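Encoded as structure tokens, the structure appears first; notes follow it.
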Amino acid sequence: MIIVMSTSRQDEVDHVIGRVEEFGYKPHVIYGVERTVVAAVGDERGKERLTSLESLPYVEQVIRILKPFKLAGREVKEDDTIIDCSGVRIGGGHFAIMSGPCSVESEEQIMESARVVREAGGNMLRGGAFKPRTSPYSFQGMELEGLRVLRKAADAYNLPFVTEATTPEQVPVVAQYADMIQIGARNMQNYGLLRAVGKADKPVLLKRGMMSTINEFLMSAEYILSEGNPNVVLCERGIRTFETETRNTLDIQAVPVVKLHSHLPVIVDPSHAAGRWDIIIPMACAAVASGADGIMIEMHPNPEVALSDGQQSLRPKKLHQLVETLKPLLAVMKKEVS
Ligand code: PEP
Ligand code: MN
């Protein structure tokens, strides 16, 4: 249920929060541009008690949320959410360009990557320290040392960084170093991990599972939001189809569909969708045209010696070319990189 307030006075909002808790629901306050609402999440059998709150002069209406995603849906918040990731804004006209290698391989490699991202015009650094590899024999990442050098490179080039946590136990240490915690496609339905990042105080980048529907994707976001973390960015990264020319198939229509349902920002990762470097630029253009709020691009200073995903990583020169190609499209779509 959502309680639509006709006020944003804190004492009146607090009064409603108190009642919601007393009735056995979990309150989530959402401050929109137009209105403040209190979402009461829980078993809806006792909804009559919440309806009684309409008797308060500063409660406009108590409405049932029809969609299964209560907090991620537009029903509870009409306007686009803007996420602030250590000064970089994502959503509502703010476009993020996240780039960097698949894996952090050494201090020099991530330092050089950060330099390239900054020079090319990107505004966030990516790189995996804990890698979710399909094979247990593949490079598993530099782990803690990877986080340390990511922080160093991020600070040196003034770029917030995003990196993945693959288990609930890793979340506190990843949150300590990173500006944004990534949940990878393979973990989209790892509910213990979703709850753990839901309790963290850093924004979360949730990637769509390669075999997940849009509804399941949004329900996973709901897990994070329901734990109290409102800062979730969704990422379309390709789904599995019968096509073999590409690693996955970029579901570009997921961007406008998710945006119809949800107020959360949506970014696109063409690198893991394509699995090949030579179609990344046109797919990044498609992402901008689809209304995405950002892109995540794998770039390696020297892809031919990369320890993971070299085949889909752009060379530095190509990243420059990509950003230049996007500029006029971003202007048409009224998006700014800031
Ligand atoms: C990644 O971004 O490093 C990654 C492993 O991607 P995905 O989870 O989308 O496969
Ligand atoms: Mn990768």
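Only the coordinates and a few stated rules stand behind these numbers; no lab work does. All values derive from a computational prediction rather than experimental measurement. Glycine also receives a Cβ, built like all others from the backbone with ideal geometry; neighbour counts cover every protein chain displayed.
Set the Förster distance to 35 Å, then compute FRET efficiency between T325 and N302 from the Cβ-Cβ distance, nearest 0.05. Numbers along the way, then the final one.
On the way: r = 22 Å, r/R0 = 0.64.
The value I calculate is 0.95.
What FRET efficiency comes out for E34 versus R195 if R0 is 25 angstrom and r is the Cβ-Cβ distance? Round to the nearest 0.05. Numbers along the way, then the final one.
Details: r = 31 Å, r/R0 = 1.23.
In this case the efficiency is close to 0.20.
If each residue of separation counts as 0.36 nm, what is the full-extension length gain between S338 and F139 once their alpha-carbon separation is subtracted?
Values: separation 199, 0.36 × 199 = 71.64 nm, distance 3.41 nm.
Extra length available between S338 and F139 comes to 68.2 nm.
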Notebook entry, point to check: For the residue pair R276 and S6, what label-to-label distance in nm results when each label sits 7 Å from Cα along the Cα-to-beta-carbon direction?
Noted result: 6.1 nm
Check: Using 7 Å Cα-to-Cβ label points, what is the D84/E227 separation (nm, one decimal)?
Finding: 2.3 nm
Item checked: Of S52, A96, Q140, farthest towards positive along the dipole that unit charges on Lys, Arg, Asp, Glu beta carbons give the chain -> Q140
Checklist line | Net charge of neighbours whose Cβ lies under 12 Å from the Cβ of E336, counting Lys and Arg as +1 and Asp and Glu as -1 | finding: +3
Note to self: So if I place +1 on the C-beta of Lys and Arg and -1 on the C-beta of Asp and Glu, and nothing else carries charge, what would the dipole magnitude of the chain be about its Cα centre? I want it in debye, nearest 20.
What the structure shows: 380 debye
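Full extension from H15 to F242: what is 0.36 nm times the residue separation minus their Cα-Cα distance, to one decimal in nm?
Details: separation 227, 0.36 × 227 = 81.72 nm, distance 5.43 nm.
Going from the current span to full extension adds 76.3 nm.
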Next item on the list: In nm, give the distance between the simple-model label positions of M111 and E169, each being 7 Å from the Cα along the Cα-to-Cβ direction.
Entry: 3.2 nm
Check: What whole number of Å gives the distance from the Cα centroid of segment 275-338 to the Cα centroid of segment 123-137?
Finding: 18 Å
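Select from segment 25-84 those GluC sites (Glu not before Pro) which occupy a DSSP coil region and have at most 16 other Cβ atoms within 10 Å, ordered by residue number. All intermediate terms of the calculation are to be shown ahead of the outcome.
Details: sites: E34, E44, E48, E54, E60, E75, E78; in loops: E34, E75, E78.
Taking segment 25-84 and a limit of 16 other Cβ atoms within 10 Å, the loop GluC sites (Glu not before Pro) found are E34, E78.
Can you tell me the relative contact order of the chain? Whole percent, Cα pairs under 8 Å, sequence separation 6 or more.
For the chain, the relative contact order is 16 percent.
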Check: Working out 0.36 nm times the residue gap between E54 and E216, then minus their Cα-Cα distance, what length gain in nm do you get to one decimal?
Finding: 55.0 nm
Checklist line | log10 of Debye I(q)/I(0), alpha-carbon scatterers only, for segment 83-337 at 0.08, 0.11, 0.15 Å⁻¹ | finding: -0.25, -0.50, -1.01
